[in-house]
Each structure stands twice: as C-alpha cells, then as structure tokens.
Amino acid sequence: MSATKYSYSISSDFPNHKVASDRLLAEIRASTIVTAVDYINTSGDDCDVWFKDALSGGDETLLDGLVAVHSGEPLPDAATTVVIKDNPTLNGMLITTSDAPHETDRKPVMVNSPATEGTFTWLSSRGDDLSPTPPASGRGEGTRLFLSFTGPDTKEVEIQFIEPIELHDGHTSWRGEWGFEDSWDISVRMPATVATPNVGNTGNCNLVATGMGFNIVVPAAGDGAYDINYDQAVPIPDGYSAKTGEGTGYWNVVEHWTEVVTPNVTGQGAFNFYDVALEMFFCKNMDCGSPLGIWDLDAYKAEWISKKWKLCFKVIRATAGAGKIGGYVMIFRPGAT
C-alpha cells in the first residue's frame, strides 16, 4: 500500500469556495469509497485529500462528486451520540442520547469500564482477615502475598476476601537470584459444595453424575436425596450471557454482591454447584527471567471472584540461594471504605 494524494482547488472545485476538513472527512467515511481516507491538508487554495492507497476509477469519481457538493460548513460543536446502558428493568439494553466525548470527525469515544457500577478501587498486597466482627474491619489485614526462599522449593499462599470482589490488575516482583527455570501461577480455588444425604428424601437437591468422576448439584422441590446449605454453597459460573440474561446452570446468585442463592429449575441459571473442588488459572507457569524482576497484569476486564473462593499465588523455585517474591492486586469491591 502507498499513500496517495488527490488535490483540489478550493476556489474552483468546491461550490461555496471553502472546505471544512472535519465534515469532508466524515462525508468520505460515510460514503461507499473502499479505500480508507487518512487525512486532509488545506493551504491557500489547495485542498489535498490523502488516502492510504490509490483509489479505483469508480471511487475517484465518487470523491469528485463529494467535493462538488461539499458545503464547507464545519460540523456543529454539540454532538448527539448514542449511549447504551444496561437496564435490568427492561431485561435488556437501554439506548439514550447525550453529549459525549468524540473525535474531530464526530465519532464517539467509547471506553468500557472494567468494573461494575457502584464499586470502588482497592489496591493491596494482602487479602482480608475474615475473623473480626464486623468482618469489614478486616479488609486488607489478612495473609500477605509474599514468599521467601532459601533454596529450591515449591511454596504457595492463599488469600480470601470478606465479600465478592472483581479482580482487575496484578503485580509481581522478585529479588535475589531468579531465572527462567523459576515460575509462578495465579489461580482461584473453588471449594466443593458439600451435599449431605437426606434419609427421608425431603432434601433441596440431588446429585447427578457428570461422567468425569464428580457430580453436579441440581435443585429438588423438597423431594431430594440430599441437602446443601445455601449460605455455604460455592457458585461456579456456567455459560452465562449478559446479552440474554441466561446461562446453562441450575442456580442463580440473585444479588451479585450478597450471593443470595435461588434454584433455577429450567437449567438457564448463571451458576452451578459441584461436589468437587475446582481451580481456574489466571496465569500459569510464568517465568522469572526478566532482568527487571517485575511483571504486571493489566486485564481487559475485571473478573468476578466469589467470597467463597481463594486466590492462590504459587511459586516453583529451582534456583539455588535465597530469593524473595511478592506482589499486589488491584480489585474493585462493593460498598464504602
């Protein structure tokens, strides 16, 4: 591809003898011209329209036609752009209009927020201490994300939070002798949901074999062979789509931040319960070969973490000698500090 210029006379080729670069760019981009326009330069009587490649004969004719009817009036300062918002009441999306940030050609600037509305940012190298009463006083007072080595070894540390959170960014740094043969993982560990037999067959659930050596917990209407404690059940996301509001699970967490559980007998819920512990990795076998001794995670979006899950930092060290490694996480959490 080779940038190509198409030149026009402002006094001769434009009907009103003037050019508004922002409007002309918008008109070209809205046309059926295939090749992408790059930018427009005006100087004196010259108007140069630059494209990323040469136009076809048909597209050059289209460009001449746009120039011939161009008004020369700049686009208005106030722009009406479309804003799309979640609207749970309508079980879908609400489209409204408002003034919003935009490019010079009036294209709206749209940035996805990584966090759920109503959360605040929390940066910490520790988890929460779940023992205080009220538990909120233990925020950031729990186990530290830090491990110390005197030689080859495998160690791990787990942290937990007093409430559901959204994990966004993370940072790991190490000091001492480290190399490419040393590695670390970050994962969430989701304990098993404990189902106890109900001898009278009046339980709130049943177990159904998955064929993989463990069972899925499905709701029962007071005639189940097992019971689970809703407050202790561990939710595992299963096929949920924000577009449809449905998933392939048998349970719903009705309130995202309180984890109130209700059955979904249609099998279209957002979560499932399993009688086996599961582990999901965010980072796996990350080496310590960087001479800077640091690694940063900047995720595209935040991931919801249940208060019943544990965030695990595991390090496998092969290098001889002493070394230290630690980090911190940036999370979003509900409520106020």
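Descriptive notes on the structure:
- Given (1) of a type in the set (S, T, N, Q); (2) modelled with pLDDT of 70 or more; (3) under 16 Å from R333 (Cβ atoms), number of the condition S113 does not satisfy: (2)
- Within segment 202-259, considering residues that are exposed (fewer than 15 other Cβ atoms within 10 Å of the Cβ) and of a type in the set (A, V, I, L, M), the one modelled with the lowest pLDDT: A242
- For I162, the stated conditions hold: it is surrounded by 13 or more Cβ atoms within 10 Å (Cβ to Cβ), touching a helix residue (DSSP H, G or I) at 6+ places or on another chain (Cβ under 8 Å) and under 30 Å from F332 (Cβ atoms).
- The condition (being in contact with a Leu (Cβ under 6 Å, 6 or more places away or on another chain) and of a type outside the set (A, V, I, L, M, F, W, C)) is satisfied by just one residue among N215, N206, N198: N215.
- Of the residues making up segment 24-39, just one is in contact with a Phe, Trp or Tyr (Cβ under 9 Å, 6 or more places away or on another chain), part of a loop (DSSP other than H, G, I, E, B) and among the hydroxyl-bearing types (S, T, Y), namely T35.
- Residue in segment 175-182 that is closer than 27 Å to W304 by Cα and either outside any loop (DSSP other than H, G, I, E, B) or touching a Pro at 6+ places or on another chain (Cβ under 7 Å) (or both) present: no
- S125 fulfils the conditions (1) closer than 26 Å to I228 by Cβ; (2) in contact with a Gly (Cβ under 9 Å, 6 or more places away or on another chain); (3) in contact (Cβ under 8 Å) with a residue 60 or more places away in the chain except for a single criterion, (1).
- Residues (within 35 Å of the chain's Cα centre (by Cα) and surrounded by fewer than 17 Cβ atoms within 10 Å (Cβ to Cβ)) located in segment 2-45: D22, R29, A30, S31, T32, V34, A36, D38, Y39
- Scanning segment 263-305 for residues that are free of Cβ contacts under 8 Å to residues at least 60 places away in the same chain, farther than 27 Å from P114 by Cα and assigned to a strand (DSSP E or B) yields one hit, P263.
- Checked against the criterion of being outside the structural domain of S124 (by TED's automatic domain parsing), under 21 Å from L167 (Cβ atoms) and out of contact with any Asp or Glu (no Cβ under 7 Å at 6 or more places or on another chain), segment 243-253 has no qualifying residue.
- Exactly one residue out of V234, V217, V208 is over 30 Å from L147 (Cβ atoms), within 30 Å of the chain's Cα centre (by Cα), in the same structural domain as V253 (by TED's automatic domain parsing) and not small (G, A, S), and it is V217.
The values are calculated or read from the model by the stated rules, or taken from the named source; none is laboratory data. Since the structure is predicted, the reported quantities are computational estimates derived from the model, not experimental observations. As a convention, Cβ positions derive from the backbone with ideal geometry for all residues, glycine included, and neighbour counts pool all protein chains shown.
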